[in-house]
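Notes to accompany the following structure.
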Amino acid sequence: MNMIRFSVLLSFFLANTAFAVTGFVKGSVQYVRVHDGDIYTTWKPPKFWFTLNGVTSAGSCPTWHGNILFSMESDTAYSMVLAAQMASKEIAVHYDDSKLHTDGNYCKGVYVTSGNPPPLH
């Protein structure tokens with residue numbers, strides 16, 4: 001009986017990790033949001049989120065108003081995303097759909113790259 005339980009737990013673990021998708025998407029920054037950390041403690045800065053125009057799929061990452069919502073937790077990334085938005089330039093986002101933010105299970109951006117155009121790897 002213990003072997004059956006172990007097998008079931010092992011298959012559940014493998015099933016959850018075997019389908020993780022990593023990849024790159026790029027686009028111009030559509031929205032950027034920061035929250036009041038006293039009210040939304042799971043989004044306390046330096047955590048922020050952003051969306052890219054026209055990026056509607058990235059693995060199993062969930063969408064917000066039709067576009068993928070990426071969360072990050074870096075003042076430097078925040079500066080890069082804002083600068084790209086203000087300059088109307090594209091950025092590339094590396095994502096891993098197994099790395100999720102705790103509030104809403106949105107995908108975390110692993111890193112962002114700027115350039116003209118930004119490379120997708």
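Laboratory data are not the source of any read-out in this text; all were calculated from the coordinates shown. This structure is a prediction, so every number in the text was calculated from the model and none was measured. Cβ: placed from backbone, ideal geometry, glycine included. Neighbour counts: every protein chain shown.
How many times 2.2 N^0.38 Å is the alpha carbon radius of gyration of segment 20-114?
On the way: Rg = 12.1 Å, N = 95, 2.2 N^0.38 = 12.4 Å.
It is 0.97.
Ignoring everything except DSSP H segments at least 4 long, calculate the 222 nm mean residue ellipticity for the chain; use -39,500 (n - 2.57) per segment, divide by total residues, nearest 500.
Details: 2 runs with 29 residues, N = 121.
Roughly -8000 deg cm²/dmol at 222 nm, from the helical runs in the chain.
Charge tally around Leu100: other residues with Cβ under 15 Å, Lys/Arg +1 each, Asp/Glu -1 each, net -1. Relative to the dominant Cα principal axis of the chain, helix 75-86 is inclined by about 50°.
Could you give the length gained by full extension between Asn53 and Ser98, i.e. 0.36 nm per residue of separation minus their alpha carbon distance, to one decimal place?
On the way: separation 45, 0.36 × 45 = 16.20 nm, distance 2.26 nm.
Length gained, Asn53 through Ser98: 13.9 nm.
With angles folded into 0 to 90 degrees, how steeply does helix 2-18 sit against the dominant principal axis of the chain? Use alpha carbons for both and round to 10. In the chain, helix 2-18 runs at an angle near 20 degrees to the longest axis. For the pair Trp64 and Leu82, label points projected 7 Å from Cα toward Cβ lie 1.7 nm apart. Across segment 23-38, rounded Karplus estimates of 3J(HN,Hα) from the backbone phi angles (6.51 cos²θ - 1.76 cosθ + 1.60, θ = phi - 60°) give x, 10, 9, 9, x, 7, 6, 8, 10, 9, 9, 10, 10, 6, x, 6 Hz, Gly and Pro being marked x.
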